[in-house]
Every structure is written in structure tokens, then in C-alpha cells.
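These notes are about the structure you will find just below.
Each value in this text was obtained by applying a stated rule to the coordinates, not by laboratory testing. Here the structure is a predicted model, which is why all the values come from computation and not from measurement. Cβ atoms come from the backbone with ideal geometry, glycine included; neighbour counts cover every protein chain shown.
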């Protein structure tokens, strides 16, 4: 069941138009629906979890690893949804939140 859902999402993602720098709000909404269905949007509103340092519990380590992975997936899908020139500009942004904030700051005003 999960594999079929992932295959369906992958096919839907492949059909999305790449973001070229115009119509940001439309692209952003399409991406949000996709990322919500992948259960990774929470990385925008959940601060990076502490890893617990030397006294970390298994649960802290697991939660941090999940957050790191979901943030990576979030950033990867956003970058995959961009044209190559925009990918080149934004590929080194370190977190999903930073990437989203950068895109909003740059392109929301252009859409207004």
C-alpha cells in the first residue's frame, strides 16, 4: 500500500512544472500539497531537535535522525521542483526552512 502511494506521488511529482521564477504562489501551493502528502512539511514549523549530546537517549537520537532525514527530503523535493538555473542558486541552502524563507523573500514580492 505504501509503495503504491509513493509510486503515485512520484508520478505526480514528475508531472509538476518546474519553477522558473514566475507564478511562485501557484508553484508553492502545488509543492505544499505534495510535501504534505509526504509528511515532511512539519520541518518548516518544528525547530531542529536537540540531539541530546553525550547523554542522548535512543528516542532523542531516533527523533533527531527522522527530523534530519525529513528536512533532507523536503529540501530535495523543493530543489527537484526548480529549473536548473534556480537549482544552482539554491542548492547549498542548509535547511528546508531557510530554503522556503529565501524563496518567499525573493519571489512573493514578484507575484504581488
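Quick rundown of the values:
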{"quantity": "Cβ crowding within 10 Å averaged over residues, with 75-83, 87-95 ranked highest first", "calculated": "75-83, 87-95"}
{"quantity": "Kirkwood Rh, angstrom, the range 2-111 [1 / mean 1/r, Cα pairs]", "calculated": "15.1 Å"}
{"quantity": "Shape category assigned to the range 18-65 from the gyration tensor of Cα positions, a/c cut at 1.5", "calculated": "prolate"}
{"quantity": "Percentage relative contact order, the range 2-111, counting C-alpha pairs under 8 Å, at least six apart", "calculated": "35 percent"}
